[in-house]
Amino acid sequence: MKKQKKKRRLKVGRLFLLLLILSVISFALINVFDVRINSIIIKGNNILTDQEVIELAKLDDYPPFFKTLTYQVKKNILKSQYVSDVKVSKAILSIKIKIKEKKVLYIDASTNDKVTINGIINDDKIVCAPFLTNEIPKDKKQTFIKSMNKIDADILCQMSQIKYDPNEIDKDRYYVYMNDGNSVYLTVNKFNKINKYNTILENVGKQNGIIYLDYGDYFEVK
């Protein structure tokens, strides 16, 4: 009888030890899964601020790292009209977000529509793009949009206004007023020439004037 009691006590002791180990492991796992994200790295955004991206991604409360799913973060960010693509990855307790934004080509001054190569955005957000100040004939609109898409985003940001300004020689001629007070004449098939605007300024100096990139490529002081 004494031997049987000893065996039972031994089994109860082992069971208690096993339960204790399982409890410690469970407690550790719960705490690990509750560890929160400590950094969010965002790249590629110019129109959206970092805070706007964080809010779109629903990461503003820095949720638990292991419970945050990259595909859900991506899905949330893609809801923005300004985002065409996004890549989301994880590192040690951090989330990396790389955004590809839609390029706003111009703003229609009559409607405040923001025009991209993919369509129209209409909201109150302030973006860096020129205002189109007059109407463009319907048969020339798509060519105009495609040509605007050839202009670098940083140059679009330096443009204040653009106006359809045909003459007797060319019905696809445009007048651009720059933020620095200079003006530029372009034809629709030469829009990419304005990408060299800053280089042209280095040659021209500080004087303001009109840059003719439609024909002749020359500068005229105002």
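Residues in region 115-159 that are among the basic types (Lys, Arg), at pLDDT 95 or above and part of a loop (DSSP other than H, G, I, E, B): 1 in all. Looking at (1) assigned by TED's automatic domain parsing to the domain that holds Ser160; (2) part of a strand (DSSP E or B); (3) exposed (fewer than 14 other Cβ atoms within 10 Å of the Cβ), which is the only condition Ser89 fails? Unmet condition: (1).
Looking across Cys157, Cys128, one residue alone is surrounded by fewer than 19 Cβ atoms within 10 Å (Cβ to Cβ), under 23 Å from Asn198 (Cβ atoms) and in contact with a helix residue (DSSP H, G or I) (Cβ under 9 Å, 6 or more places away or on another chain). It is Cys128.
Look at (1) of a type in the set (Ser, Thr, Tyr); (2) closer than 22 Å to Pro137 by Cβ; (3) out of contact with any strand residue (DSSP E or B) (no Cβ under 7 Å at 6 or more places or on another chain) and you find that Tyr185 fails only one, number (3).
Of everything in region 160-181 that is more than 29 Å from the chain's Cα centre (by Cα) and not in a strand (DSSP E or B), the residue that is surrounded by the fewest Cβ atoms within 10 Å (Cβ to Cβ) is Glu168.
With respect to (1) within 30 Å of Lys74 (Cα to Cα); (2) free of Cβ contacts under 8 Å to residues at least 40 places away in the same chain, the lone exception for Lys141 is condition (1). Applying the condition of being at pLDDT below 95 and among the hydrophobic types (A, V, I, L, M, F, W, C) to region 28-46 and asking which residue is farthest from Asp85 (Cα to Cα) yields Ala28. Being hydrophobic (A, V, I, L, M, F, W, C), surrounded by 12 or more Cβ atoms within 10 Å (Cβ to Cβ), modelled with pLDDT under 95 and farther than 25 Å from Asn118 by Cα, is that true of even one residue in region 47-61? No; the residues of region 47-61 include none that is hydrophobic (A, V, I, L, M, F, W, C), surrounded by 12 or more Cβ atoms within 10 Å (Cβ to Cβ), modelled with pLDDT under 95 and farther than 25 Å from Asn118 by Cα. Residues in region 187-195 include none that are among the aromatic types (Phe, Trp, Tyr), touching an Asp or Glu at 6+ places or on another chain (Cβ under 9 Å) and surrounded by 11 or more Cβ atoms within 10 Å (Cβ to Cβ).
The values are calculated or read from the model by the stated rules, or taken from the named source; none is laboratory data. Everything numeric in this text was worked out from a predicted model, so none of it was measured. Glycine gets a Cβ as well: all are built from the backbone with ideal geometry, and neighbour counts include every protein chain shown.
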